[in-house]
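K.L.:
What follows is a single structure, and I will ask about it in a moment.
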Amino acid sequence: MSEEVKTKLESLRRAVEEKLGVTREDFDKEFATTLAETKKDSPSLPPDKQDRKAYLRLQAKYKKDLHSPAKFFTGVFIYNGAVFDTVTAQRDEAEKQFEEDPELAIAERWVDSSGNPVDRQEKYKSGKENRNFGKPLPLHNYIKRLMGVTNIEGETRLFALVMSDNIPIDREPTKMMTKIPVPLFVPVDFRAVIAKTQPDSGILQLNQSRSTEFVPAQNIKVSIMDDVLSAPELDPRKLSPEEVPEWHDAHQEQADRVVVVRGVIFDMDEQRNNQGSLGFTVSSEEADFDFPGLRCWLPESIEPTFEEGDEVIVTGQTSKGTFNDQTTYQLNAGGVYKIT
């Protein structure tokens, strides 16, 4: 191999190791495979030109990802939120208006001239202007929020990663980002984009990239209790089951109400409900005997690995409702860690 190709190959190797998390061993294996394929495809080329062609093939493979703003992270996800369609309510209302009076619905811009529901939200709750105001709504706009812990420059950070799928009226997606499996409570490698605008909460806000996927991290061991759930930014969110009602009432205006609850499961449904959720109730050792417990709902995307009597950590979004005229507080679980 010529010195020129060696130098370029080493430069590419360092770049993909630093930005994409590809180990030198895996890179070398990939180059060897690419070189073998090149020799098979172009057997008449001199060896030095085969080396150069193999390098160019490997460079072309990585170039798109290297130019992406996405950065490489290793972290542990503790919360996999439910998928939410942000346009369902708007579409339903627009379709109702159109069904009742098509001409009026078009005149008042509930729908466009073709009857497609139109985005009528001028500004988001944050006050930011909606660039899609007045434009036809997509068929779906799925979104879900993940939370986890990573280490950046020696500092443990709590992060949130938004996954989304905007489904146009006239096109089916080739890949659904919101359906990518998310391993919980194990170290994973992934790529994401650091958001330009960061929240005041101190939580690191990340957005998906085209290459975002979650791969189990190799040769990395962490203690979930000591290394992950001890992240300082989680401290205000750590609650006992009986503390959830007061916490929810104090934060109910926030969109982000993810908390970390430690308790013991004393009641668990035998099967999931019609929405696919599995119900279970947790309480703590210190709770009064008249405390009814905190009802939690596990989505069908997460398989239970626990049973009644187990001590667990439940991460979830708090909610409030009524049942038989009584106020109830619940947790929409996004992760359950069994303490052993």
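K.L.:
Could we say that R157 is in contact (Cβ under 8 Å) with a residue 12 or more places away in the chain and either part of a strand (DSSP E or B) or open to solvent by 80 Å² or more (accessible area, probe 1.4 Å) (or both) here?
P.N.:
yes
K.L.:
Hey, another quick one. State which residue is surrounded by the most Cβ atoms within 10 Å (Cβ to Cβ) when the search covers only segment 1-36 and only residues that are among the small types (G, A, S) and assigned to a helix (DSSP H, G or I).
P.N.:
Of segment 1-36, the ones among the small types (G, A, S) are 2, 11, 15, 21, 32, 36.
Within this subset, residues satisfying the condition of being assigned to a helix (DSSP H, G or I) are 11, 15, 32, 36.
Values: S11: 10, A15: 17, A32: 11, A36: 12.
The selected residue is A15.
K.L.:
Right, next: Select from segment 142-154 the residues that are open to solvent by 40 Å² or more (accessible area, probe 1.4 Å) and either of a type in the set (F, W, Y) or at pLDDT 85 or above (or both) and write down the one among them that is nearest to E253 (Cα to Cα).
P.N.:
R145
K.L.:
Report every pair of residues separated by at least 6 positions or lying on different chains whose Cβ atoms are under 8 Å apart, first residue within segment 288-303 and on the phi > 0 side of the Ramachandran plot, second modelled with pLDDT of 85 or more and surrounded by fewer than 18 Cβ atoms within 10 Å (Cβ to Cβ).
P.N.:
Note: pairs meeting the criteria are G293/F266; G293/D267.
K.L.:
Separate question: Consider K39 against the criteria (1) out of contact with any Lys or Arg (no Cβ under 9 Å at 6 or more places or on another chain); (2) closer than 30 Å to R257 by Cα; (3) at pLDDT 85 or above; (4) open to solvent by 70 Å² or more (accessible area, probe 1.4 Å): it satisfies all of them except one. Which criterion is unmet?
P.N.:
If we test K39 against (1) out of contact with any Lys or Arg (no Cβ under 9 Å at 6 or more places or on another chain); (2) closer than 30 Å to R257 by Cα; (3) at pLDDT 85 or above; (4) open to solvent by 70 Å² or more (accessible area, probe 1.4 Å), just (2) comes out false.
K.L.:
Next up: So T322 fits all but one of (1) open to solvent by 20 Å² or more (accessible area, probe 1.4 Å); (2) touching a residue at least 40 places away in the same chain (Cβ under 8 Å); what number is the exception?
P.N.:
(2)
K.L.:
Identify the residue in segment 64-87 that is touching a residue at least 40 places away in the same chain (Cβ under 8 Å) and in a helix (DSSP H, G or I) and, among all such residues, is nearest to S164 (Cα to Cα).
P.N.:
Applying the filter and picking the extreme gives D65.
K.L.:
Within segment 204-231, how many residues turn out to be in contact with an Asp or Glu (Cβ under 6 Å, 6 or more places away or on another chain) and not in a strand (DSSP E or B)?
P.N.:
Adding up the residues that qualify gives 2.
K.L.:
Considering only residues of segment 160-194 that are open to solvent by 50 Å² or more (accessible area, probe 1.4 Å) and among the β-branched types (V, I, T), which is farthest from A89 (Cα to Cα)?
P.N.:
V186
K.L.:
Can you list the strands (runs of 3 or more DSSP E) lying wholly within segment 260-340 that have 2 or more residues being modelled with pLDDT under 95 and more than 26 Å from the chain's Cα centre (by Cα)?
P.N.:
311-323, 326-338
K.L.:
Residues in segment 98-105: is at least one more than 28 Å from the chain's Cα centre (by Cα) and within 30 Å of R145 (Cβ to Cβ)?
P.N.:
no
The values are calculated or read from the model by the stated rules, or taken from the named source; none is laboratory data. Worth saying up front: this structure is predicted, and the values here are computed from it rather than measured. Don't worry about glycine lacking a Cβ; one is built from the backbone with ideal geometry, like all the others, and counts go over all protein chains shown. Note: areas computed on protein heavy atoms with side chains; ligands, DNA, RNA excluded. Shrake-Rupley method; radii C 1.70, N 1.55, O 1.52, S 1.80 Å.
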